[in-house]
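The values are calculated or read from the model by the stated rules, or taken from the named source; none is laboratory data. Every value quoted in this text rests on a predicted model; they were computed, and no experiment measured them. Reconstructed Cβ throughout: ideal geometry from the backbone, glycine too, with neighbour counts over all protein chains shown. These area figures cover heavy atoms from the full protein model, side chains too; ligands, DNA and RNA do not enter into them. Shrake-Rupley method; radii C 1.70, N 1.55, O 1.52, S 1.80 Å.
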Amino acid sequence: MEQIKNLLGPDAYCALLNASEDIIKGKFSSAYDIEPKARISTGCEKLDEMLLGGIPTIGISELYGCSGVGKTQFCLQLSIQHQLSNIGKTEVVYICSEDIFPSKRMKQLTNEYSKKFKVDPNFEDHIYIKHVADFQELQKCLSTDLPKLLLITNVGLIIIDSIAGIFRSSNCNPDYVARSNDLTKICTALNELQDKHNCAIFMVNQVTDNVVLETHEPCLGLSWANNVTHRFCLSRISDNPEREFKIIFSPELPPISTNILLTVKGLTDAQ
């Protein structure tokens, strides 16, 4: 460089340093420069505070728990909460794999929200519902149907209720290698949709019994857990409507918990 530019050693070093700064400019940033990502409020003040503002919108978030604990109600409320901060701008895709979409319960919640916030945004009109029965149907939805929908709408939240229902089988000897590959395909498709369309991904998972430890564990094992960014657990407290919402793991949240209540008007903070 010194021979080409006829520069002395110190001058050549300064020229090299300036050129390097120009090359990397805009490609690196400090942690201070990174802007906080949007979060979806749960509608529960204490829970939002624990989650640093609400459910993360980056990566795949999962909520698991026993049957009837309130996972679907949490998803319904999240669908409404998402619209409250994005009325007229952002829609929700709700993919069902186990039961039909609980439209009656959704109507109850939207009526309560309309009274509470004195608005009438037609929450149900902004939720696109899809029923899938197996992996093939979900794969078609994620690779063909959903990308087409995202091109003509402004979807900001995709909910799958539940991922376990997709792989539930009566086969006593399932092919775990094939299932692992299928799970990877699903997560790859979801991550691509998130990156391209800037939409949050929220999944429901069921639990299975660990007879050795005598505990409940999320279904689908490590092959699924390794694809999850934020894992949350919803569990019962005795027989009352109070539930414990616990952070199991997350790259940005500590493993703490808080209690919420399931009521006719929706989820609220426990006293």
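If you scan region 123-165, which residues turn out to be in contact (Cβ under 8 Å) with a residue 12 or more places away in the chain, of a type outside the set (A, V, I, L, M, F, W, C) and surrounded by fewer than 20 Cβ atoms within 10 Å (Cβ to Cβ)? Give the derivation first.
The first filter runs over region 123-165 and keeps only residues in contact (Cβ under 8 Å) with a residue 12 or more places away in the chain, leaving 123-124, 126-135, 138-139, 141-143, 145-147, 149-150, 153-165.
With of a type outside the set (A, V, I, L, M, F, W, C) added as a condition, the list becomes 124, 126, 128, 130-131, 134, 139, 143, 145, 147, 153-154, 156, 161-162, 165.
If the condition is that a residue be in contact (Cβ under 8 Å) with a residue 12 or more places away in the chain, of a type outside the set (A, V, I, L, M, F, W, C) and surrounded by fewer than 20 Cβ atoms within 10 Å (Cβ to Cβ), then E124, Y128, K130, H131, D134, Q139, S143, D145, P147, T153, N154 are the ones that fit.
If the condition is being open to solvent by 50 Å² or more (accessible area, probe 1.4 Å) and of a type in the set (F, W, Y), then region 243-263 contributes only F249.
Taken over region 185-231, the criterion of being within 16 Å of the chain's Cα centre (by Cα), in a helix (DSSP H, G or I) and not hydrophobic (A, V, I, L, M, F, W, C) is satisfied by T188, N191, E192, Q194, D195, K196, H197. Across region 224-240, the qualifying residues are those that are at pLDDT 90 or above and surrounded by fewer than 19 Cβ atoms within 10 Å (Cβ to Cβ), and the one among them that is farthest from V69 (Cα to Cα) is N226. Against the conditions (1) more than 21 Å from V132 (Cα to Cα); (2) in a helix (DSSP H, G or I), R179 satisfies every one except (1). Here S67 meets each of (1) part of a loop (DSSP other than H, G, I, E, B); (2) of a type in the set (S, T, N, Q); (3) modelled with pLDDT of 95 or more with one exception, condition (3).
How about region 15-49: which of its residues are at pLDDT below 80, in a helix (DSSP H, G or I) and among the charged types (D, E, K, R)? Can you show your working first?
Narrowing region 15-49 to residues at pLDDT below 80: 15-37.
With the extra rule that they be in a helix (DSSP H, G or I), the set shrinks to 15-24, 31-33.
The answer is E21, D22, D33.
Among the criteria (1) within 29 Å of G68 (Cα to Cα); (2) more than 17 Å from the chain's Cα centre (by Cα); (3) of a type in the set (S, T, Y), the one T153 does not fulfil is (1).
Regarding I95, is this residue at pLDDT 95 or above, part of a strand (DSSP E or B) and surrounded by fewer than 21 Cβ atoms within 10 Å (Cβ to Cβ)?
When the stated conditions are applied, I95 does not pass them.
Checked against (1) modelled with pLDDT under 95; (2) outside any helix (DSSP H, G or I), I160 meets all criteria but (1).
Would you say E112 is of a type in the set (D, E) and touching a residue at least 24 places away in the same chain (Cβ under 8 Å)? Walk me through how you get there before you give the answer.
Working: of a type in the set (D, E): yes; touching a residue at least 24 places away in the same chain (Cβ under 8 Å): yes.
So E112 fits the description; yes.
Given (1) within 21 Å of L76 (Cα to Cα); (2) touching a Phe, Trp or Tyr at 6+ places or on another chain (Cβ under 8 Å); (3) hydroxyl-bearing (S, T, Y), where does T263 come up short, assuming only one miss? Checking T263 against (1) within 21 Å of L76 (Cα to Cα); (2) touching a Phe, Trp or Tyr at 6+ places or on another chain (Cβ under 8 Å); (3) hydroxyl-bearing (S, T, Y), the one that fails is (2).
Of the candidates K89, K115, the single residue that is assigned to a helix (DSSP H, G or I) and either within 20 Å of the chain's Cα centre (by Cα) or at pLDDT below 95 (or both) is K115.
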